[in-house]
Structure formats: structure tokens, C-alpha cells
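> Here you go, one structure.
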Amino acid sequence: MKVIICGYNWIGCYALKNFLEDKNNEVFVFTHPSKDQDVDLIEYCESLNIKYSIDNINNSILPFEPDLIFSAYYKYIINEEIIKKVNGNIFNVHPSLLPDYKGCSSLTWAMINGEKEVGFTYHYIDSSIDTGNIILQKKIDIYEWDSQETLYLRVMFEASKYLNEVVDLVLSNYEGLAQPKGGRYFERGCPHEGQINENWSQSKVKRFIKAMNYSPRSLAKFNNAEISSYKDYLKAKK
């Protein structure tokens, strides 16, 4: 099978490892340069002698006619021309219970908004953003002690367990379930620009602090101070 991975971070590395376990698979990767302390998919490709590109897949000549395209944390919206080249066998994993929390920072916004559960959705890619038919979806509880980092890792580790099952469904021409109408969409960018609003309730301030906690990225801020806990917030208010 000829597979293209459009991926980033550790979930992109996991997908590459997973597809390479079948020695008959030929894999090519479209990715981005790593930033901060993110797991480096480029480095992993080079260690395995896997060909890759940091160019936008939409502006690239594909290395082969793929049987399957899998997207995970890829920042570009894949266009219809690419979708047609793979006959619709193109899918994405998204860290929310679609149709709600489409777009970016899904888990962060869910924590800020006080959701009790989140989850992940494998869905087909269509011409819009996170709107394709649902292939597989699972719910995951948000724990009171979760930070954005622990929640992200729990959600995506759980999602990774189902990748092969989803691949089998896609290759068997499973159409998936149409997404219900509605749901919230969030654009790229830091929620509330990372700033705590002192008019928020105590519970929202606490949720926001935890939702912004993902090392080494910036913590929540208040009065020009970085806030890593509610105690920090109270000190900054004085």
C-alpha cells in the first residue's frame, strides 16, 4: 500500500511507525519543522531514511499515486484536488467530539468552557474544516486535575490505539456517518490571548490556568506575570 502521512509531533511519528510495520507499505511524509520541544518528525524520518517534504502538500507534486492519506496535526487545509487524487481515501484525527470544537485548540477551549468530557474523532477530509463524515469517535472524561498537556496526551494516546481499525474501515469503503449540524469552531490563536480576566468566576480562572499549562509554551498571564497555579494568580492580584 502507498501511504502519505501529513503529520506533526509525536502522533505523526506514531503514524509513521505504525504504517512501516507492514513492510509492503511505501510511505511518504509531509510535515513541518519542529518548534520548542515538540517531537521532531523530520528527525524521525531521517533516522529511518523515509522521504519527506516540508512543502505544502497542496502545492506539491505527489511522490506517487497514494492508496491512503492520513492527516494528524497538519497545519494546512488539504484541498479538493488532493482529495480527488486519493479517491476520497483521506482522513484526519481531531481531538474533539465533532461536530463540536472544530478548528484549533479544541481541548484547550473545552477545558476553559468547563466541559466534563472531550474525546477524539477520526473523520474523512472534505472541502471544509473538520466537517467530513465521522469514521470513529470516542469520549474521554476531563479530570479535575488535568492540564492541557495531560489531557492532550491522554486523548491522543487513546486515539492512536484505533488507527489500524480506522484504516481498515476506510479501505473497506465505509462511508462513515454524516456530522450533525452545528457545533462550535475556533480559529488559530491563543485563547483570550493568554490573559486572565479578573471578572471571570474563580472556577473559570482555575480552568483557564490549567488549560494554558503545556510546557514549554507560555503559561496564562495576569498583570504581566506568568501564572502556573491559582496561588500565583492570587499573588499577582495583590
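> Nearest 20 debye, what's the magnitude of the dipole of the range 85-183 about its Cα centre given +1 on Lys and Arg Cβ and -1 on Asp and Glu Cβ? Please list the in-between numbers first.
Details: 8 positive and 13 negative charges, 45 e Å.
My answer is approximately 220 debye.
> Here's something else I'd like to know. Place a +1 charge on the Cβ of each Lys and Arg in the chain and a -1 charge on the Cβ of each Asp and Glu, then give the dipole magnitude about the Cα centre in debye, rounded to the nearest 20.
Charge dipole, the chain, about its Cα centre: 1000 debye, nearest 20.
> Still on this structure, please answer the following. Which of the lysines could be linked to Lys17 by a straight reach, that is with a Cα gap under 28 Å, when you skip same-chain ones fewer than 8 residues away?
The reachable lysines, counting only those whose Cα sits under 28 Å from Lys17, are Lys2, Lys35, Lys51, Lys75, Lys84, Lys85, Lys102, Lys138, Lys139, Lys161.
> Could you pull out the trypsin sites (Lys or Arg not before Pro) across the range 56-130 that fall in loop regions by DSSP (anything but H, G, I, E, B) with no more than 13 other Cβ atoms inside 10 Å?
Lys75, Lys116
> Next question, about the same structure. For Lys2, what accessible surface area do you get with a 1.4 Å probe? Give it in Å², rounded to 10.
70 Å²
> With a 1.4 Å probe and every protein chain left in place, tell me how much accessible area Ser228 has, in Å² to the nearest 10.
Answer for Ser228: close to 60 Å² accessible.
> Pull up the cross-link candidates among the aspartates and glutamates for Lys210, meaning alpha carbon to alpha carbon under 17 Å and not fewer than 8 places away within one chain.
Glu115, Glu117, Asp141, Glu144, Asp146, Glu149, Glu193, Glu198, Glu226, Asp232
> Ignoring ligands, DNA and RNA, what accessible area per residue does the range 51-142 give at 1.4 Å, in Å²?
43 Å²
> For the range 118-221, what is the convex hull (Cα atoms) projected area averaged across all directions, in square nanometres?
Numbers: hull surface 33.2 nm².
The orientation-averaged projected area of the Cα hull of the range 118-221 comes to 8.3 nm².
> Once you list every other residue whose beta carbon is under 13 Å from the beta carbon of Lys84, what net charge do they have if Lys and Arg are +1 and Asp and Glu are -1?
Within the 13 Å Cβ shell, the charges total -3.
> List, in order, the whole-Hz ³J(HN,Hα) value for each residue of the range 24-36 obtained from phi through the Karplus relation with A = 6.51, B = -1.76, C = 1.60 and θ = phi - 60°; use x for Gly and Pro.
Karplus values, whole Hz, x for Gly and Pro: 7, 7, 10, 10, 10, 10, 9, 8, 10, x, 6, 10, 6.
> Which part of the range 106-124 falls in the paramagnetic zone of Asn199, meaning amide N under 20 Å from the point 7 Å along Cα-to-beta-carbon?
Only 112-114 pass the distance filter.
> What whole-number distance in Å separates the alpha-carbon centres of the range 157-187 and the range 115-139?
The distance from the Cα centre of the range 157-187 to that of the range 115-139 comes to 5 Å.
> Go through the range 1-87 and name the chymotrypsin sites (Phe, Trp or Tyr not before Pro) that are in a DSSP coil and have 12 or fewer other Cβ atoms within 10 Å of their Cβ.
Phe64
> From the phi of every residue in the range 134-142, what ³J(HN,Hα) in whole Hz does the Karplus formula 6.51 cos²θ - 1.76 cosθ + 1.60 yield, where θ is phi - 60° and glycine or proline is x?
Coupling constants for the range 134-142: 7, 8, 7, 8, 9, 8, 9, 6, 8 Hz.
> Roughly speaking, what is the stretch gain from Lys116 to Glu165, that is 0.36 nm per residue apart minus the C-alpha to C-alpha distance, in nm to one decimal? Don't jump to the answer; show the numbers that get you there.
Values: separation 49, 0.36 × 49 = 17.64 nm, distance 2.67 nm.
Going from the current span to full extension adds 15.0 nm.
> Here is a follow-up. What GluC sites (Glu not before Pro) does the range 90-165 have in DSSP loop regions with at most 13 other beta carbons within 10 Å?
Those satisfying the criteria are Glu144.
The values are calculated or read from the model by the stated rules, or taken from the named source; none is laboratory data. Note that the structure is predicted; figures quoted are calculated from it, not measured. Glycine gets a Cβ as well: all are built from the backbone with ideal geometry, and neighbour counts include every protein chain shown. Just the protein is used for accessible areas: all its heavy atoms, side chains included, with ligands, DNA and RNA removed. Shrake-Rupley method; radii C 1.70, N 1.55, O 1.52, S 1.80 Å.
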